[in-house]
Amino acid sequence: MGKLNNKLISIPIENLPATSSTTIKRLKSVGIITVWNLLNYFPFRYENYLVISPIAKVQSGETVSIKGKIIKVFNLTSKKGLKIQKLTLADESGKIDAVWYNQPYLLRILRIGSYVALAGEIKGFFNKISFEPKEYELLEKLNSPTVHTGRLVPIYPEKNGLSSRLLREKIFYLINHLGSRWDQDGIAEIFPAEIVKYNNLFGELNAYQSIHFPQNQVDAKKARERLAFDELFTIQLSAALIRKEWDKEQVKKSFKLEPSFKISLQNFSQNLPFQLTNAQNRSVKEIIGDLVKSRPMNRFLEGDVGSGKTVVAAIACYFSYLNGYQSLFMAPTEILASQHYQTLKETFTKLNLKIGLQTGSKKIIRKHKQKLEKLIKSIDYDIIVGTHALIDKKLQFDRIGLVIIDEQHRFGVVQRAKLKEKGLNPHLLTMTATPIPRTVALTLYGELDLSIIDEMPKGRTPIKTYLVPQDKRESGYVWIKKKIKEEKIQVFIICPLIEESEIETMKSIKAATKEYERLKKEIFNEYKLELLHGKIKSNDKDLIMKNFKEKKIDILVATPVVEVGIDIPNATIMLIEAAERFGLAQLHQLRGRVGRGKKQSYCILYTGSKDDVVIERLKFFAKTQSGMEVAEYDLKIRGPGEIYGVRQHGVVDLKVASLSDYQLIDKSKKAVNYFLANHRLDSFFEIKRRIKEYNIKQITRD
Ligand code: ADP
Ligand code: MG
C-alpha cells in the first residue's frame, strides 16, 4: 500500500491517507495508535443492506439498497421550521423520493446528475411510499463497489466523536490495501496450516476481511470464531509457557511433612472454634501437597465471601512456621491487613507464633517500640501481615518460605520478579472471593493450580435480599431505624459506584460525602453515622473501622471501597444505592459484608432503574445466594470485561472471545497443546508477538 510500506503492526495511524488531524486525534483517543489497532477495532453488529432492489420493485417494510441517478433535489422548510432535504432517484425501472431532516449539507454532496446508492427501510402503503435512507454514498458509476450500502454494513462502537461511517471508510480502505505478508504490510496466517485445517477455521486474512465486510452472516460468524480462537489460543499458550517456566523453578526453602508436624497440624485444626468444612480440608490438603514439592507452589484459592479462606491460609502459614520459615500475608488495603493481623493473632493465641503488622505508615504495631529497621531486620516474626506493597519494603527476606496474597486474582509477573531479585523463590498462594467459574479460571489462569472452596460453613443463615424501587425508599429507611433500635444491629450504606479513574474517584467521594450529610441531617439524625472512603487517611480509617467493630457507629456510609474482606458480625444490613450500576459479582461481594454473625442479615438494593433487563438481573441476584451462580449468570448476560470490570481487578479484556464458549475454549486449548508438542514457538513470530503483547497488558494491569 505504497505509503504504508512497513510492517502492518507498527505503521502509525498518521500514515492513513486523506485523514484529518482531528480524526487522527480521535482515533488515538480510543487507543488506535497504529493501522493494526484500527484493523482490530471490530464492529459489534451489521446492518443488513444486502438486498439491492430495482426502484420499481421496492415494497413497504423492506430494508433495501437502491442505486440510481439523482434527477431532482429540493430543499424545503416545513411550517414548523424543520429543514427538509428531498431528492428523486431514478433507475431503469422507475423513480423514488428520498427524504432527510435537518441535514442541509447533504444537498451539497448529493447533486443532480450524480450516481448514488441509498439504503434503509422503506415505509408507507401502496403507492404512498416514504423513504428516509439510513446510508448514502456517491458512486462514480452505477456498478462501482459500495461501502455503506449493498452489503452487510458493519456498525462500529462510536466513541469520542468517531462515527461508524468514518471508521467504516477507513477500515474499508485498509482492507483493500492489505498485502499478504506479516513482515511487510499484510496479514498472513499465524498458525501452522494443520491447526487451521483441523479446527476448520477461516484463514487469518479472510477473518479480518470478513469480520469487517462479510459476504453473509455465516462468514461474519466464522470470522468472529477465528479471531476468538486467536485470543483464546494466545491466553492459553501464554499460561502454558509460564507454567513450563514455573515447573523448572526450585524453591530455596524446602518444606517437609515430618510426622510431628502432621500431629501439630491436626491439633491445630482440632483446636479451632469450628470444624473445617470438607472443602476447606480438601484445599488444605492440596496446599500442603504443593508445599512439600521442590517446585514452588503457585496456587489459586477461590471461595465465596465468608467461605473461610483465611483459616486455610493460616494453616499454610502454620506449616511454614513448623518448618522454620516465615510467611508474608498480604492484603489489598490497610484495613484488611489489620483485620487479618487481628484474626491471625486470635487464631494463634495458644501457640508461640509471632505475628507482625506492617502498614504503609511504616509502623509495626507491637508492644515494644523499637525502630522500624531494627524490628524488621530482627526477622522476629513468623508471619508478617501487610498490604501488597510489603514486597517493596526493606524486609529481610531470607527466612520467607511462603507468600499469601489475599483478594487478588493473580500474583503479577512484576511482583514475582521482585521477589526473585531479593533472592527469594517462595511458595505462593493467591486468594480471591470473586467467583470465577472453574472453566474461566482454567482458561485465564492456566498457569495456576486451582483450589475452590465451594461450600459454606454450616449454620449460616442465608441473607435476605430485597429490591426496593425509588418510591419505597422512605419506608426502607423507616424499617432500618426500627431494626437498629430494636436489635442494636449495624448498617452499611454503599453509595453509587462511579467509574474508577482519578477524577471519578474524587467525584464518588464527593457524592458519598453529600449523601452522608443528607442521611445524617434528614434521615438518621438520631443515629451515629460515619463516612468511609478511599481518600481518608489510613489512621482515621483504622479508627473508624475499630469504632464500627466496637459498635460505636450505627451506620457506616461508604463508597464501594469497603467491598472486600471486612468482617463485622454485628452489621446485618447492607443497603446499596443505584444497585444497577454494579456487576452482580460486585453486588455479591458487597452483600458478603453482612451475614457473618448468627442474626438474620439483609441486603437492600435501591434502584431507580425501570429497565426490564436490569430489573430481571437484580431480581435474579435477590433470589440467589451462590456467588458462582451469580457469576455464571453475569457471564451469560454481560461480557466478562463488564463483570469483573477494571475496578474489580480486571480479568482480561477479550475483544471477540466469550468465556462462556466452552467449546471454543476447549478447542483452542487442545490446539495449544498440539502446538507445543509439534512446533517451535520461535518460528512463529506473530504468535510470539501476541503473547508478549498480552503479557505486557497483564503486567500493566497488576
Ligand atoms: P473469606 O473466605 O471471605 O475470607 P473468612 O476467612 O473471613 O472468609 O471467614 C469468614 C468467617 O467464617 C470468619 O469469621 C471465620 O472465623 C469463619 N469460619 C471459617 N471457617 C469456618 C468453619 N469451617 N465453620 C464455621 N465458621 C468458619
Ligand atoms: Mg477474606
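In this structure, Val403 does not satisfy being assigned to a helix (DSSP H, G or I), in contact with a Ser or Thr (Cβ under 9 Å, 6 or more places away or on another chain) and over 25 Å from Ala571 (Cα atoms). Strands (runs of 3 or more DSSP E) fully within region 421-518 that include at least 2 residues being open to solvent by less than 10 Å² (accessible area, probe 1.4 Å), touching a Ser or Thr at 6+ places or on another chain (Cβ under 6 Å) and within 16 Å of ligand 2 (Cβ to nearest atom): 449-453. Restricted to region 639-672, and to residues that are open to solvent by 40 Å² or more (accessible area, probe 1.4 Å), closer than 19 Å to Lys221 by Cα and assigned to a helix (DSSP H, G or I), which residue is modelled with the lowest pLDDT? By that ranking, first place goes to Tyr662. Of all residues in region 400-409, none are within 16 Å of ligand 2 (Cβ to nearest atom), over 30 Å from Asp661 (Cβ atoms) and open to solvent by 30 Å² or more (accessible area, probe 1.4 Å). The residues in region 308-333 that are within 15 Å of ligand 2 (Cβ to nearest atom) and either among the polar types (S, T, N, Q) or touching a residue at least 40 places away in the same chain (Cβ under 8 Å) (or both) can be counted, and the count is 13. Residues that are within 25 Å of the chain's Cα centre (by Cα) and open to solvent by 20 Å² or more (accessible area, probe 1.4 Å) within region 198-233 comprise Lys221, Arg224, Glu225, Glu231, listed in sequence order.
The set of residues in region 519-535 that are in a helix (DSSP H, G or I), more than 12 Å from Ile493 (Cα to Cα) and open to solvent by less than 40 Å² (accessible area, probe 1.4 Å) contains only Ile523. Residues in region 673-694 that are surrounded by 14 or more Cβ atoms within 10 Å (Cβ to Cβ) and under 28 Å from Glu632 (Cβ atoms): Tyr694 only.
Against the conditions (1) at pLDDT 80 or above; (2) touching a His at 6+ places or on another chain (Cβ under 7 Å), Asn678 satisfies every one except (2). Check region 258-265 and report whether any residue there is within 32 Å of the chain's Cα centre (by Cα), away from ligand 2 (no atom under 16 Å from the Cβ) and either among the charged types (D, E, K, R) or at pLDDT below 90 (or both). Checked against the condition, which is being within 32 Å of the chain's Cα centre (by Cα), away from ligand 2 (no atom under 16 Å from the Cβ) and either among the charged types (D, E, K, R) or at pLDDT below 90 (or both), region 258-265 yields no hits at all. Every listed requirement among (1) more than 18 Å from Gly150 (Cα to Cα); (2) free of Cβ contacts under 8 Å to residues at least 40 places away in the same chain is met by Ile112 save one, (2).
When Lys623, Lys598 are checked against the criterion of being modelled with pLDDT of 85 or more and open to solvent by 50 Å² or more (accessible area, probe 1.4 Å), a single residue qualifies: Lys623. So which residues in region 302-322 are at pLDDT below 95, open to solvent by less than 10 Å² (accessible area, probe 1.4 Å) and either within 9 Å of ligand 1 (Cβ to nearest atom) or of a type in the set (Gly, Ala, Ser) (or both), if there are any at all? Those that are at pLDDT below 95, open to solvent by less than 10 Å² (accessible area, probe 1.4 Å) and either within 9 Å of ligand 1 (Cβ to nearest atom) or of a type in the set (Gly, Ala, Ser) (or both): Gly303, Ser307. From the list Ile287, Ile195, the one residue that fits, being farther than 30 Å from Arg460 by Cα and open to solvent by less than 20 Å² (accessible area, probe 1.4 Å), is Ile195. Scanning region 284-326 for residues that are part of a loop (DSSP other than H, G, I, E, B) and not polar (S, T, N, Q) yields Val292, Lys293, Arg295, Pro296, Met297, Asp304, Val305, Gly306, Gly308, Gly324, Tyr325.
Residues of region 549-583 being within 16 Å of ligand 1 (Cβ to nearest atom) and at pLDDT 90 or above, which ones? The answer is Asn570, Ala571, Thr572, Met574.
Each residue in region 291-301 was checked for being away from ligand 1 (no atom under 11 Å from the Cβ) and crowded, with 20+ Cβ neighbours inside 10 Å, and 6 pass. With respect to Leu167, determine if the residue is in a loop (DSSP other than H, G, I, E, B), on the phi < 0 side of the Ramachandran plot, among the aliphatic types (A, V, I, L, M) and at pLDDT 95 or above. It is false that Leu167 is in a loop (DSSP other than H, G, I, E, B), on the phi < 0 side of the Ramachandran plot, among the aliphatic types (A, V, I, L, M) and at pLDDT 95 or above. Sub-9 Å Cβ pairs linking a first residue in region 156-177 that is open to solvent by 30 Å² or more (accessible area, probe 1.4 Å) to a second residue that is of a type in the set (Gly, Ala, Ser), at least 6 apart or interchain, are Pro157/Ser164; Glu158/Ser164; Lys159/Ser29; Asn160/Ser29; Gly161/Ser29; Tyr173/Ala18; His177/Gly2, ordered by first then second residue.
For region 250-283, the set of residues classified as open to solvent by 30 Å² or more (accessible area, probe 1.4 Å), more than 16 Å from ligand 1 (Cβ to nearest atom) and outside any helix (DSSP H, G or I) consists of Gln250, Lys252, Lys253, Ser254, Lys256, Leu257, Glu258, listed by residue number.
Within region 362-377, the presence of at least one residue that is open to solvent by less than 60 Å² (accessible area, probe 1.4 Å), more than 16 Å from ligand 1 (Cβ to nearest atom), modelled with pLDDT under 90 and not in a helix (DSSP H, G or I) is confirmed.
Go through region 628-638 residue by residue and tally those that are open to solvent by less than 30 Å² (accessible area, probe 1.4 Å) and either modelled with pLDDT of 85 or more or outside any helix (DSSP H, G or I) (or both).
The qualifying residues number 1.
Looking across region 540-556, the residues that are open to solvent by 90 Å² or more (accessible area, probe 1.4 Å) and in contact (Cβ under 8 Å) with a residue 24 or more places away in the chain come down to Lys551, Lys552. What number of residues within region 323-348 are surrounded by fewer than 23 Cβ atoms within 10 Å (Cβ to Cβ), hydrophobic (A, V, I, L, M, F, W, C) and at pLDDT 90 or above? Summing the residues that are surrounded by fewer than 23 Cβ atoms within 10 Å (Cβ to Cβ), hydrophobic (A, V, I, L, M, F, W, C) and at pLDDT 90 or above in region 323-348 gives 1.
The values are calculated or read from the model by the stated rules, or taken from the named source; none is laboratory data. Treat the numbers as computed from the prediction; the structure is a model and nothing was measured. Cβ: placed from backbone, ideal geometry, glycine included. Neighbour counts: every protein chain shown. Ligands, DNA and RNA are excluded from the accessible area calculation, which covers all protein heavy atoms including side chains. Shrake-Rupley method; radii C 1.70, N 1.55, O 1.52, S 1.80 Å.
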